[in-house]
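Report on the structure given below.
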Amino acid sequence: MSGLQHVGRLRGEITLAQLLTRSLRDERRLAVQSLVLYTQDEWKGKEGQLAQFKGEEGRKYVGRRLIDVPDPSGCHANWVEHYWQDFGGVLDRFAPAVRTVTTTEAYRNPEMQALVRDLAGRAEEVREFVNRYRARHPYPPGWLPFEALCEQCHTIGAKTTAIQGMTASYRCERCSHVGTSSIEKGKLNWRLEWPALWKVYRVDIEPFGKDHATPGGSRESCKAIAESIMHFRPPMGIPYEWVGIADRGKDLGDMGSSDFLGFSPVQWVEVADPEILRYLYATTPIFRRIVLDLYRVDTYHDLYDRAEDRFYAKERQGDEEEHARSYELAQLAAPPKTKPFALSYRHAAFLSQISPESGRLEWCVKRLRDTGILDRAPTDLEKTHIARRLAQSRVWVEKHAPENRVRLVDELTPEILSQLDPKDREALRLYGTRAVSLPWTEESIKESMVSLTKEGSLPVDTSRFFRDLYLVLLGSERGPRAAPFLAVLEKDWVLRRLKDAGK
């Protein structure tokens, strides 16, 4: 809980774990999906964390437990609640009924407390074993595997000198205070805490980030501690690759919580359904890095929609079976028996902008019927889906892809016409003549444009032609991808506009 709860954490900790839970339940096994939030850990005061506070205010909280750091925005009780909101607040939409527990709650658990006392009572045995993994910085004799909370400076990590019952005696190396505090307020050394949580919460299977999977690394040492010190079988581990973030194709690195690099699940559901992201995670091998870019949300929808087509196809070839299965796993509810209508995300983006605010859904459904994109009356479920894509794609354009903003010009003004020379007019007239016989679909429009430009029959070059097209439709020299944009416009209106521009 060191900061931003980004969508990268939905990959292994949530989506993979949920798919496993569901698959086990399908085999009539009793399975519970749990998520532990590390709230007793020290707030490090990294650059990204400090930047959340005004000026130098954050520095006074360095060393405190995460649960004790205040909310920098002042809208929640503490740091943890503030940053958990944009993840936990929509978690049910990505994985239902996940049992969440904080480490603050874990140390109130009598079983965890008994384990703390047991390990402290065998401190020398524990120290010798842990030092196998700390050759360069071994713990000295007298070390206890517990980090107490200092009651004077309120930081975690005070050196524990003794544990008796519920009380830890300590000497704080930060402020030199010598005192006592409840073991509920402290925590085990991390190398012991991880297997302790496995034992207390009966963990059988655990996905974990690849950084823990190196030979001789953190997880391997924790497995050995589980077996040799705590005497239980450690869970099966499944390492997974990190999720990166990109901005318009530029890879910015792996998402990071304390670095505040990435975006939250709340930001995702503004522009896409959870199923889209679940599909990306389900269909990508867990050892392969994924890079997410909110600018490319339209492309992610294309991949998802194609997988939906494969799921409902009567026959599948090659990897189509895997994509169909990934689509099925991505659903949180059983998919309909027959394939529902799926409005292209790009079509939705354009329709949401050219449609009226009042009665938008009805207007768009009529336009979809008129243009042949939808060949029947939609069901209530399909209407809900259309409405959601209209709303999500509009947010996407405004926040992440502003070059897809469109506004049709009501008429060809003298200013627009003055920018068209005879060759420009001829090119628009020629395309208008070709378009008369076209089926008004994205694919047909795209093919007609490619054919026309490849023939070399246009009196202007390709870039000039598209500049002319955007000019007479939008009043600007640039615009979105032409074929999907034209496909949602009324064909007769487009033909009239091209005819008027070609005069």
### Looking only at region 409-427, and only at residues there that are within 44 Å of the chain's Cα centre (by Cα), aliphatic (A, V, I, L, M) and assigned to a loop (DSSP other than H, G, I, E, B), the one that is surrounded by the fewest Cβ atoms within 10 Å (Cβ to Cβ)
VAL409
## Note on the structure
Per the filter on region 205-261, residues under 25 Å from GLN5 (Cα atoms), among the charged types (D, E, K, R) and either loosely packed, with under 13 Cβ neighbours inside 10 Å or in contact with a helix residue (DSSP H, G or I) (Cβ under 8 Å, 6 or more places away or on another chain) (or both) are GLU206, ASP211, ARG219, GLU241, ASP247, ARG248, LYS250, ASP251, ASP254, ASP259
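Could you tell me whether ARG136 is at pLDDT below 95 and either charged (D, E, K, R) or within 24 Å of GLU227 (Cα to Cα) (or both)? Show your work before the answer.
Details: at pLDDT below 95: yes; either charged (D, E, K, R) or within 24 Å of GLU227 (Cα to Cα) (or both): yes.
Yes: the conditions hold for ARG136.
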### Message
Would you confirm, using the coordinates I've provided, whether LYS339 is modelled with pLDDT under 95, surrounded by fewer than 17 Cβ atoms within 10 Å (Cβ to Cβ) and either part of a loop (DSSP other than H, G, I, E, B) or among the small types (Gly, Ala, Ser) (or both)?
### Response
no
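On the basis of being closer than 30 Å to THR21 by Cβ, outside the structural domain of THR39 (by TED's automatic domain parsing) and surrounded by 13 or more Cβ atoms within 10 Å (Cβ to Cβ), does LEU115 make the cut?
Yes; evaluated as a whole, the condition is true for this residue.
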### Task
Scan (1) touching a His at 6+ places or on another chain (Cβ under 8 Å); (2) over 19 Å from THR104 (Cα atoms) for the single condition CYS172 breaks and write down its number.
(1)
### Message
Restricting to region 272-299, and then to whatever is in contact with a strand residue (DSSP E or B) (Cβ under 8 Å, 6 or more places away or on another chain) and among the hydroxyl-bearing types (Ser, Thr, Tyr), can you tell me which residue is nearest to ALA401 (Cα to Cα)?
### Response
TYR295
### Message
From the list ARG434, ARG429, exactly one residue is more than 30 Å from VAL271 (Cβ to Cβ), free of Cβ contacts under 8 Å to residues at least 24 places away in the same chain and in contact with a Leu (Cβ under 9 Å, 6 or more places away or on another chain). Which is it?
### Response
ARG434
### Message
Anything in region 68-89 that is surrounded by 17 or more Cβ atoms within 10 Å (Cβ to Cβ), of a type in the set (A, V, I, L, M, F, W, C) and in a loop (DSSP other than H, G, I, E, B)? List them, or say none.
### Response
VAL69
### Task
Give the residue that is surrounded by the fewest Cβ atoms within 10 Å (Cβ to Cβ), with candidates limited to residues of region 90-112 that are β-branched (Val, Ile, Thr) and part of a helix (DSSP H, G or I).
THR104
### Message
Taking the conditions exactly as written (part of a helix (DSSP H, G or I), over 23 Å from ALA162 (Cα atoms) and touching a Leu at 6+ places or on another chain (Cβ under 6 Å)), does GLY58 satisfy them or not?
### Response
yes
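Taking only region 173-196 into account, find how many residues are part of a loop (DSSP other than H, G, I, E, B) and either among the acidic types (Asp, Glu) or within 40 Å of the chain's Cα centre (by Cα) (or both). Before you say what the answer is, go through the steps one by one.
Here is the first cut: in region 173-196, the ones part of a loop (DSSP other than H, G, I, E, B) are 173-177, 186, 189.
From what is left, the residues that are either among the acidic types (Asp, Glu) or within 40 Å of the chain's Cα centre (by Cα) (or both) are 173-174, 186, 189.
Number of matching residues: 4.
Among the residues of region 1-52, count how many are assigned to a loop (DSSP other than H, G, I, E, B) and either crowded, with 22+ Cβ neighbours inside 10 Å or among the small types (Gly, Ala, Ser) (or both). Step through it out loud before you land on a result.
Keep residues of region 1-52 that are assigned to a loop (DSSP other than H, G, I, E, B), which gives 1-6, 27-33, 38-41, 43-46, 51-52.
With either crowded, with 22+ Cβ neighbours inside 10 Å or among the small types (Gly, Ala, Ser) (or both) added as a condition, the list becomes 1-6, 31, 39-40, 43, 45, 51.
Total meeting the criteria: 12.
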### Query
Which number in (1) hydrophobic (A, V, I, L, M, F, W, C); (2) in the same structural domain as TRP493 (by TED's automatic domain parsing); (3) surrounded by fewer than 18 Cβ atoms within 10 Å (Cβ to Cβ) marks the one condition that LEU381 misses?
(2)
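Between LEU452, LEU430, which is within 13 Å of LEU498 (Cβ to Cβ), modelled with pLDDT under 90 and either crowded, with 16+ Cβ neighbours inside 10 Å or not assigned by TED's automatic domain parsing to the domain that holds ALA348 (or both)?
Numbers: LEU430 fails: modelled with pLDDT under 90.
After applying the criteria, what remains is LEU452.
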### Query
Right, PRO459: free of Cβ contacts under 8 Å to residues at least 24 places away in the same chain, more than 23 Å from ALA349 (Cα to Cα) and over 36 Å from the mean Cα position of the chain (by Cα) or not?
no
### Message
Just to verify a result, which residue in region 157-170, among those that are hydrophobic (A, V, I, L, M, F, W, C) and buried (at least 22 other Cβ atoms within 10 Å of the Cβ), is farthest from PRO70 (Cα to Cα)?
### Response
ILE163
#### Entry: Test: VAL406 is in a loop (DSSP other than H, G, I, E, B) and buried (at least 17 other Cβ atoms within 10 Å of the Cβ)
yes
### Task
Only residues that are surrounded by fewer than 17 Cβ atoms within 10 Å (Cβ to Cβ) and of a type outside the set (A, V, I, L, M): list them for region 386-403, please.
ARG388, GLU398, LYS399, PRO402, GLU403
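The values are calculated or read from the model by the stated rules, or taken from the named source; none is laboratory data. Every value quoted in this text rests on a predicted model; they were computed, and no experiment measured them. Using ideal geometry, Cβ is built from the backbone for each residue, glycine included, and neighbour counts are taken over all protein chains shown.
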